[in-house]
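Chemist: What follows is a single structure, and I will ask about it in a moment.
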Amino acid sequence: MTTTETLDGARDAAGPARPEDFAAALLTPEARRDPYPLYARMRRESPVHKSDQGIWYLTRYADVETALGDLRLSNDRDRMTRAYEALGGNLKAFSRLTDRLGRVMTNTDPPDHARLRKLANRAFTARRVEALRDSIQRIVDRLVDEAIAAGPAMDLIEAVAVPMPMSVTCELFGIPPEDRPQVETWFQRFGRLGEDIDKSEEAIDQYEDYLSGLIRQRRTEPGDDLISALVATQEHDDRLTDSELLSTCFVLITAGTETTTHLVGNAVLALLRHPDQLARLRADPGLIRGAVDELARYDTVTQAIVRVVAEDLDIGGRTLREGELVYLFLGSTNRDPERFEDPDRLDLSRPGNRHLSFGHGPHFCLGGPLAKLQAEVAIGTLARRLPHLRLADEAALDWRPNPLQRRLTALPLTFHP
């Protein structure tokens, strides 16, 4: 199954979609290049839209924000699996992923989710994340040095955006240097979870075997790494089981690698397309923290997330029934003019920037702060050290064929150090 089949089981349309057929329109080459005009039309014409196959699409900020905090919209693995299987066809294959990944905190509802989240938070603290800043800076400087030496051109995705979060994650988890090439190969396969099910499942099997060995080792020989902290963490007499440790590590790895890669890629592309904003950042490096939030809003990596209705509820004047799937379009909410003034404008000092790029409510992305820190360091370093950075070929840009994610296949750049 290809990821382009996860929206209503449809394939890329050969011609233009009929106006109301948003599922097909989302899969067109035009939407792959720039989905935001289509989102604007969806918000105007059918903001709470039910597709031909019975999947709901929510595109307004207010509706999605409410939905993310409503426990009647479930993220439970078992409910999700049943909902996908009920649709039949090729979507049955997608249900294998939700089942294969096990009962991770992102695939549970309260009270299980609250318990897992609390235990993970005790180990994966803001202090632990901030302590990585100097290490991240060293990694980014090394990657930029290597790019300069090989210059005057590079693919930013390959040269910086992929290896940076992989190296950071390996350090965070205390993975020995000799094992990192193999682990990085597994990480890359995780990034194609919706594009190649078989290879993704194989990589998950192999990584879980490896990670299980590390967990056993950390139980007897703890170190100053996140696995050791997760092994040791407890709330009263409650601890993470081995299965929960594996799934928690998987969630943190996914958020710490693939999401970060494409946050950096999308952000740098946006800045190069808006040289006035890039000039502002170079003139005032202190803008970087707010700039990362604005860049995450402007071109959102996770364009949509999925929930399943656990109990009938009304949203936007429509009734969603138990067992129905709901796609929450974060990419659309972040361009909603009801929430953001002039939303299609990139403004690095935008006030009140409560974007939904990392979710909202109980499932707010646990790895979001680490992704943002890495983006701050990477983007700030590139702006400072490569003042003549240019996009090599706008026409050659392409995005992966997954309407739920906004991910460049490559970002070719030229520069003069």
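The values are calculated or read from the model by the stated rules, or taken from the named source; none is laboratory data. Being a predicted model, the structure only gives us computed values, none of them experimental. When we count neighbours, we look across all protein chains shown, and the Cβ atoms used for this are built from the backbone with ideal geometry, even at glycine.
Chemist: When you scan segment 263-286, how many residues do you find that are surrounded by 24 or more Cβ atoms within 10 Å (Cβ to Cβ) and touching a strand residue (DSSP E or B) at 6+ places or on another chain (Cβ under 7 Å)?
Modeler: 1
Chemist: Return the residue satisfying two criteria in turn: it lies in segment 365-417 and is within 26 Å of ALA149 (Cα to Cα) and among the basic types (Lys, Arg), and of such residues it is surrounded by the fewest Cβ atoms within 10 Å (Cβ to Cβ).
Modeler: Checking each candidate, the answer is ARG384.
Chemist: Can you name the residue in segment 339-364 that is aromatic (Phe, Trp, Tyr) and under 16 Å from the mean Cα position of the chain (by Cα) and is also surrounded by the fewest Cβ atoms within 10 Å (Cβ to Cβ) among such residues?
Modeler: Of segment 339-364, the ones aromatic (Phe, Trp, Tyr) are 340, 358, 364.
In the following step, the residues that additionally are under 16 Å from the mean Cα position of the chain (by Cα) were identified as 358, 364.
On the way: PHE358: 23, PHE364: 13.
That would be PHE364.
For every residue, the table says whether it meets (1) touching an Asp or Glu at 6+ places or on another chain (Cβ under 7 Å); (2) among the β-branched types (Val, Ile, Thr); (3) at pLDDT 85 or above.
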{"site": "ARG100", "(1), (2), (3)": "yes, no, no"}
{"site": "ASN107", "(1), (2), (3)": "yes, no, no"}
{"site": "ASP112", "(1), (2), (3)": "no, no, no"}
{"site": "ARG117", "(1), (2), (3)": "no, no, no"}
{"site": "ALA120", "(1), (2), (3)": "no, no, no"}
{"site": "VAL144", "(1), (2), (3)": "no, yes, yes"}
{"site": "GLY151", "(1), (2), (3)": "no, no, no"}
{"site": "SER167", "(1), (2), (3)": "no, no, yes"}
{"site": "PRO176", "(1), (2), (3)": "no, no, yes"}
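Chemist: So, in segment 238-284, of the ones that are outside any helix (DSSP H, G or I) and over 20 Å from GLU171 (Cα atoms), which residue ends up farthest from the chain's Cα centre (by Cα)? Give the steps one after another, and end with the answer.
Modeler: Restricting attention to segment 238-284, the residues satisfying the condition of being outside any helix (DSSP H, G or I) are 238-241, 257, 274, 284.
Then drop every residue that is not over 20 Å from GLU171 (Cα atoms), which leaves 238-241, 274, 284.
Values: ASP238: 30, ARG239: 27, LEU240: 25, THR241: 26, HIS274: 23, ASP284: 28 Å.
Restricting to residues being outside any helix (DSSP H, G or I) and over 20 Å from GLU171 (Cα atoms), the top hit is ASP238.
Chemist: Could I ask something else about it? For segment 275-311, which residues satisfy the criterion of being out of contact with any helix residue (DSSP H, G or I) (no Cβ under 9 Å at 6 or more places or on another chain) and either in contact (Cβ under 8 Å) with a residue 24 or more places away in the chain or among the basic types (Lys, Arg) (or both)?
Modeler: Start the filter on segment 275-311 by keeping residues that are out of contact with any helix residue (DSSP H, G or I) (no Cβ under 9 Å at 6 or more places or on another chain), which leaves 275-276, 279, 283-284, 286, 290, 297, 311.
Of everything in segment 275-311, those that are out of contact with any helix residue (DSSP H, G or I) (no Cβ under 9 Å at 6 or more places or on another chain) and either in contact (Cβ under 8 Å) with a residue 24 or more places away in the chain or among the basic types (Lys, Arg) (or both) turn out to be GLY290, ARG297, GLU311.
Chemist: Please verify whether segment 361-378 includes one or more residues that are on the phi < 0 side of the Ramachandran plot and free of Cβ contacts under 8 Å to residues at least 60 places away in the same chain.
Modeler: Of the residues in segment 361-378, the ones on the phi < 0 side of the Ramachandran plot are 362-378.
Subsequent filtering for residues that are free of Cβ contacts under 8 Å to residues at least 60 places away in the same chain retains 364.
Taking every residue of segment 361-378 in turn, at least one turns out to be on the phi < 0 side of the Ramachandran plot and free of Cβ contacts under 8 Å to residues at least 60 places away in the same chain.
Chemist: What is the number of the single condition among (1) over 27 Å from ALA40 (Cβ atoms); (2) of a type in the set (A, V, I, L, M, F, W, C); (3) without any contact (Cβ under 8 Å) to a residue 24 or more places away in the chain that ALA395 does not meet?
Modeler: Of the numbered conditions (1) over 27 Å from ALA40 (Cβ atoms); (2) of a type in the set (A, V, I, L, M, F, W, C); (3) without any contact (Cβ under 8 Å) to a residue 24 or more places away in the chain, the odd one out for ALA395 is (1).
Chemist: Going residue by residue through segment 138-146, is there one that turns out to be within 19 Å of LEU252 (Cα to Cα) and not in a loop (DSSP other than H, G, I, E, B)?
Modeler: Looking only at segment 138-146, we keep the residues that are within 19 Å of LEU252 (Cα to Cα), and these are none.
Checked segment 138-146: no residue is within 19 Å of LEU252 (Cα to Cα) and not in a loop (DSSP other than H, G, I, E, B).
Chemist: Applying the selection to segment 49-74, what residues are crowded, with 20+ Cβ neighbours inside 10 Å, over 19 Å from the mean Cα position of the chain (by Cα) and under 20 Å from PHE340 (Cα atoms)?
Modeler: The answer is ARG60, ASP63.
Chemist: Got at least one residue in segment 359-380 being over 28 Å from ARG72 (Cβ atoms), among the β-branched types (Val, Ile, Thr) and either at pLDDT 95 or above or not in a helix (DSSP H, G or I) (or both)?
Modeler: Yes, some residue in segment 359-380 is over 28 Å from ARG72 (Cβ atoms), among the β-branched types (Val, Ile, Thr) and either at pLDDT 95 or above or not in a helix (DSSP H, G or I) (or both).
Chemist: Residues of segment 45-63 being among the hydrophobic types (A, V, I, L, M, F, W, C), within 15 Å of ASP314 (Cβ to Cβ) and outside any strand (DSSP E or B), which ones? If you could, list the steps in order and put the result at the bottom.
Modeler: We begin by selecting, within segment 45-63, every residue among the hydrophobic types (A, V, I, L, M, F, W, C); these are 48, 55-56, 58, 62.
Restricting the remaining residues to those that are within 15 Å of ASP314 (Cβ to Cβ) gives 48, 56, 58, 62.
Across segment 45-63, the qualifying residue is only ALA62.
Chemist: Filter segment 381-417 for residues that are acidic (Asp, Glu) and part of a helix (DSSP H, G or I) and give the result.
Modeler: Our first condition is that a residue be acidic (Asp, Glu); within segment 381-417, this holds for 393-394, 398.
Listed by number, the list holds a single entry, GLU394.
Chemist: Continuing with the same structure: I'd like the residue in segment 220-231 that is farther than 12 Å from LEU172 by Cβ and surrounded by 14 or more Cβ atoms within 10 Å (Cβ to Cβ) and, out of all such residues, is modelled with the highest pLDDT.
Modeler: Of all residues in segment 220-231, those farther than 12 Å from LEU172 by Cβ come to 220-222, 231.
Next, only the ones that are surrounded by 14 or more Cβ atoms within 10 Å (Cβ to Cβ) stay: 222, 231.
On the way: PRO222: 90, VAL231: 85.
Result: PRO222.
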